[in-house]
Structure formats: C-alpha cells, structure tokens
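What follows is one structure encoded as structure tokens, with my remarks underneath.
The values are calculated or read from the model by the stated rules, or taken from the named source; none is laboratory data. A quick note: this is a predicted structure, and the numbers were derived from the prediction, not measured. A quick note on method: Cβ atoms are made from the backbone with ideal geometry, for glycine too, and the neighbour counts reach across all protein chains shown.
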Amino acid sequence: MELVQNFPFITIVFSLTCGVFCAVFHGNGAKRLCIAWLTASFLMSAATLAYTLQSGEYYIYYMGRWSAPWGNEIRVGVLEALMATFFSGVMLCSILGGMSHIFEDCDAEKTNLYFTMISLLMSSLFALIYTNDLFTAYVFVEINTMASCALVMLKSSGATLVATTRYLIMSLLGSGLFLLGVVTLYGITGHLLMEDIGREVREIFREGTYSLPLTVIIGLFSVGLAVKSALFPFHSWLPDAHSNATSASSAVLSGLVLKGYIIVLIKIIYRIFGFEIIVSERMEDFLFVFGILAMVLGSVAALRERDLKRMLAYSSVAQVGYIYVGIGLNTEAGMAAACIQIIAHAITKPMLFCAAGGFMQVSGGSKAMADMRGAGRRDPLGGVAFTVGAMSMIGIPFFAGFVTKFHLAEGALTSTTPRMVIAVAALIISTILNAMYYIPAVFNIFSPRTDGKFADVRIQPRFDYTFAMTAFIIANICFGSFSRFFVDAIREGLGMFGI
Amino acid sequence: MLSNLFINYYETAAVILFGVGFTTLLMQRNLLKKIIGFNFMDSAIYLFLASKGYIAGRIAPVIVNGDTDPSHYVNPIPTGLVLTGIVVSVSVTAFLLALTCRLYDRYHTLDIDEITYLSRKGRD
C-alpha cells in the first residue's frame, strides 16, 4: 500500500482530532490550527485525486485491516477524491472570507469553539464522501447536523436560536426516517457495507420477494435525505437558518452541508439499488417532480425577497432543485449533470455569501437591499465577486453555472420525451427568473446613488478576505472555461462509482 | 399478510411507536413534548434493531467455558448499533434541552409557535 492511499483516512480522523485541539486553544491559536489543517487536507485530497486519476480505478481501504463482512471500509475513486478536493478548498476559502465576522459575531472566549465545529463539519463531510458503510454514514450525518446547528446559533440572538431549533427539529425528522431505512434494510439483507447490501438487494429483487419493504425503504431514504438537503416542500427551515448565521457559516451551510447528504443519496442509488430497481419503484419520478418545483418556486420566492441573504438562501433552494432534476433524469448524463451542479454551486454560493458579508460590513450591518445601495463601490472586490457569482448563477458562458445548465440540458435530451420537455422548459423559466433577481441586485450594488448614510464607509483591506475572494473568482472562471477536464473526471468517477 | 403483524409483534410495536414519536416531534407545539417525541422515535428504532438481533433460545455473545461455537449465541452486531445510536440520541437530546433552556430564558414560554411569533415581532 502506498502512502497516498492513507490520505482519505487521515483527513477524516485528523479533522476530528483537530476539532479536539481547537477546543483547548484560545481563539487565534484555534484559528491558525484550523486553517493549517484545512490547507493540509486540501493538499492531501488533491494528491488522492491525482493518484486515482493516474491509476484509473478505485481502491478500498480496510479500517484496521479487517476484510469485507466484518470490517468498516472507505472507498476512494475519482469522484470521491474530486468532491473532497473541492469541498476542503471551499471550506478553507469560506472561513477566510468570513473571518472578520466570525470574530465580531462570536463571544471572545468562545471563538475557539467555532473552529471546533468547523473541524467536526469537515470531518463529517469527508466521511460522508468516502464511507462505504451505511451505519457509519448515519453516524456522520448526525455529526454533520449537530455541527451545522451549532454554526447557525453562533450569533446568540433570538432569531438564530429560533432558526436553529426549527433546523434541528426538521433535521431530526429526516435522520429518523433515514435510520429506520438503514435498520429495515439491515433486517432484510443482514449487511451494512453498501456493496454487500447491493448484491443482496439485487438478488431479492430478481426473486420478487420483499417488494413492499423495498418500496418502503426507498421511500424512507429519499424522503429522509430530501428533508435534510432542503428539497422543495421540505425547505421551510432553510431561509431562516442560512440567512441569520454569520457569513462564513451561511457560506459553508449553503455550499457544502446540503451537498453532503445528496452525495450519500447518489451513493445509495449507485451502490445499493442500481438504476433498474430505482426505475421500477418510481423513486426518480418523485425526485424529478419536486426538483422541477424547487427550480421554479425557489426562484419565485427569491424574487420576492428584499433581504440579500434571504434571497441567496432561496436561490439555494432552487439550485438544490437542479441537482435533484439531474438525479431524476435517471440517465448517466443526468447524474453527471447533478455532480457538476454539486461542484458548481459549492464554488459559487459561498462566494456570494462572503461578498454579502463584506457588503453588510460597509452598510452598518444591515442585510436589507435598500441599505446596500452602492455597496459594491465601497467594497470593490466583493462587488466584482458578487457580479461573477450572479453571472454564474444566471448561466452566462465561461462561468461555472453555465457548465451545469449545458450538461443538464444535454442530459434532458437523452431522456424520455415528456421528461425532456418538462426539464428544458423548467430550465428556461428558472434561468429567466434567476436573471430577474440577480441582475437588479448587481445594479443595486453598483448604483452611484447612495443615500449618504454609509457613503464614506470603506472596507478595511484584509489579506484573508482578498485571498478568499480572488481564489473563488479564479476557481469559478477556471471551472467554467476549462470544464472539459472536470466533466471528464466526473464521468470517469461515476463509471467506477457503482458495484 | 395480517398474521405477519402478529408473528413479528416486536417489529409491529416498534413501527407504531416510531409513528407516535414522529408525529409528536412534527406536530407538538410544546418543545419539551417534541423532545420526548424524539426520544420515542429513536427508542422505537432501537427496539426494532434489538429484536432483529435476538434469536430465541440463544445466549448473549460472551464466551464462557471456551465455547466458541457461534450457533449458541445471538447476533451481536445490532446490539453494537443500538449502543452507537443511543450515544447519538443522548447527545442530540442534550443539545435540544440546552437550546430549550436558552429559548425559555429569552421568551418565557415553551410554545414554538409563540416563540417564532415573538422573535419575528422583535425583529421588525
């Protein structure tokens, strides 16, 4: 075994350890440790990606060297390594971009605990990406929930407490359903490793026994994970939780946490059920219909908002809809589009939230659009980043969002006719709606007319903010302009994702 | 079909309890009752798991007198899963209770609808 093959395990376990150490340091020490570790895990994930791209096949890492039916496994392929690389990079840049707000919003003696939560969150995201064991996935889903709730309630105002409670209750309902699904599946198949379950489930399906329990289990998994990743009718908790948190938390929650659960769902589809069973149980119809509704109605809700961060939060609801439509198309191309959207949204939305944080700083802490008039002139880098993000969300070529829309449309064209028509129509409507709320927001931010109240406030140049914004802008344009490499990697990764 | 419900009475009871807990967590307005509902829901799943692992007439998987024949023992994996699950639900309960304390300190009520109303009123 080569050294690189240990990196996924090291990133998971050392992130947990880093969280423990952050809890005993003071604010600045914890910050340095957390940033150093996030940088290291980004480099390690990139090395893993290079290794898997070079070897061209996945490998399985046996924990404690116990082999298949007894031990716990980590499975690493191109797709997992690519996701881990992007997620750790985005996490690092989001923290840097919102650093000044973390220290403002948090009580001085509790700042170190913020970095503890970030480390735990990173660890659980790595684990959700890499794990091959269903019960481990459940445990890390819970760790993810707890850490993200703690990130929301960092600002101890009444609004964040209420938002956290609602978020936690909805998440617990979701994970209860997910756990019941895991347990029932264990009762039928007697395995917890996804590949073993997958083989048993296909056997059961061929024999035609247990068809009712299988339907129930698929329903439990999809509803449970849909609640946690804020698919349309279950999104009521999202706008409050994401808009009231500090800007780094909003960025991380919107960009990464929602995606962790979707990766688990894609893994369940590929490794446990396979396309054949999914189609015969009509799970993809459910995801497709609600994804389409989310794409349109999320954008309509965003259109009505006068609060910038709530607008961005509703935009996330719509963007999660794109991912579910990609999954619901039920073709290889659609699934690839869903994975592209996971990455494209993960690099775009945190940039928008960090820029919104910068605008709030030069507008007296207000989140209202009216107070942010001309904020882009007072915080020029944030203004540029917001414009890039808005263009990416609308889907202008050479930005990340365009790649998604292009591949989603391409995936829709390979699907069945009614689905193709609906998906393309929803894509067009959603694009128009996106333009209708992002373009006025950009105009508002660069408006020369300010009402004088904050006209002289300028943003203090900070190295971390500048670095994060520049990195986000470069990443977005690179992903949009040189998408061939990433799309090929995702296709190759999906090819080795199943059993 | 219906007779299966009586043969697997542990599982039936577990799923009914899960439903009770789930509805309580979703519908109740009182935060403490919500927390109780959450514990109902999770305990129901542990009952389900524990009953899956039990095999009638066998003993707990602890080796005494050097008897290593697996056919004498019950399945130990579900028990391990239950223990892990209990740890998770205990910590979530602690978190929820702490949150409830802070909400009560601020708003002097446990009714989630009223708390939401009060917090909206405070903001505008």
Margin query: Taking the conditions exactly as written (of a type in the set (S, T, Y) and surrounded by fewer than 24 Cβ atoms within 10 Å (Cβ to Cβ)), does A:S100 satisfy them or not?
Written below: yes
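Of these, A:N132, A:N112, which one is crowded, with 20+ Cβ neighbours inside 10 Å, closer than 20 Å to A:D464 by Cβ and of a type in the set (S, T, N, Q)?
Selected residue: A:N112, the only one of A:N132, A:N112 that is crowded, with 20+ Cβ neighbours inside 10 Å, closer than 20 Å to A:D464 by Cβ and of a type in the set (S, T, N, Q).
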Next item on the list: Grab the helices (runs of 4 or more DSSP H) fully contained in region A:229-330, keeping just those with 3 or more residues being surrounded by 24 or more Cβ atoms within 10 Å (Cβ to Cβ).
Entry: A:238-244, A:247-252, A:258-267, A:283-304, A:308-328
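A quick yes/no check of all residues on (1) assigned to a helix (DSSP H, G or I); (2) without any contact (Cβ under 8 Å) to a residue 60 or more places away in the chain:
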site	(1), (2)
A:P397	no, no
A:A426	yes, no
A:T431	yes, yes
A:F467	yes, no
A:F479	yes, no
Item checked: Filter result for A:R306 (at pLDDT below 90, on the phi > 0 side of the Ramachandran plot and of a type in the set (D, E, K, R)) -> no
Notebook entry, point to check: Mind checking which pairs have a first residue in region A:277-294 that is outside the structural domain of A:A338 (by TED's automatic domain parsing) and more than 16 Å from A:Y322 (Cα to Cα) and a second that is among the aromatic types (F, W, Y) and in a helix (DSSP H, G or I), Cβ under 6 Å, 6 or more apart or different chains?
Noted result: A:I277/A:F205
Margin query: Restricting to region B:57-86, and then to whatever is of a type in the set (A, V, I, L, M, F, W, C) and loosely packed, with under 12 Cβ neighbours inside 10 Å, can you tell me which residue is nearest to the chain's Cα centre (by Cα)?
Written below: B:L83
Notebook entry, point to check: Among the numbered criteria (1) surrounded by 13 or more Cβ atoms within 10 Å (Cβ to Cβ); (2) in contact with a strand residue (DSSP E or B) (Cβ under 7 Å, 6 or more places away or on another chain), which single criterion is violated by B:R106?
Noted result: (2)
Checklist line | Any chance B:A44 is of a type outside the set (S, T, Y) and either touching a residue at least 24 places away in the same chain (Cβ under 8 Å) or surrounded by 14 or more Cβ atoms within 10 Å (Cβ to Cβ) (or both) | finding: yes
Checklist line | Filtered residues of region A:411-421 (kept if part of a helix (DSSP H, G or I) and surrounded by fewer than 17 Cβ atoms within 10 Å (Cβ to Cβ)) | finding: A:L413, A:T417, A:P418, A:M420, A:V421
Note to self: Between A:G187, A:G176, A:G208, A:G224, which is free of Cβ contacts under 8 Å to residues at least 60 places away in the same chain and in contact with a Gly (Cβ under 7 Å, 6 or more places away or on another chain)?
What the structure shows: A:G224
Notebook entry, point to check: Out of (1) within 14 Å of chain B (Cβ to nearest Cβ); (2) under 30 Å from A:R271 (Cα atoms); (3) crowded, with 22+ Cβ neighbours inside 10 Å, what's the single condition that is false for A:L125?
Noted result: (1)
Margin query: Every residue in region A:144-159 that is part of a helix (DSSP H, G or I), of a type outside the set (A, V, I, L, M) and more than 9 Å from chain B (Cβ to nearest Cβ), please.
Written below: A:N144, A:S148
Next item on the list: Could you grab me the full set of residues in region A:47-58 that are within 12 Å of A:G493 (Cα to Cα) and crowded, with 16+ Cβ neighbours inside 10 Å?
Entry: A:L49, A:T52, A:L53, A:Y58
Next item on the list: May I ask you to verify whether B:I36 is closer than 30 Å to A:S211 by Cβ and β-branched (V, I, T)?
Entry: no
Margin query: of a type in the set (S, T, N, Q) and over 18 Å from A:S175 (Cα atoms): is that true of B:N65 in this structure?
Written below: yes
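For (1) farther than 30 Å from A:I95 by Cα; (2) over 26 Å from the mean Cα position of the chain (by Cα), each residue gets a yes or a no:
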| site | (1), (2) |
| --- | --- |
| A:G401 | no, no |
| A:T417 | yes, yes |
| A:I439 | no, no |
| A:S447 | no, yes |
| A:I459 | no, yes |
| A:T466 | no, no |
| A:C478 | no, no |
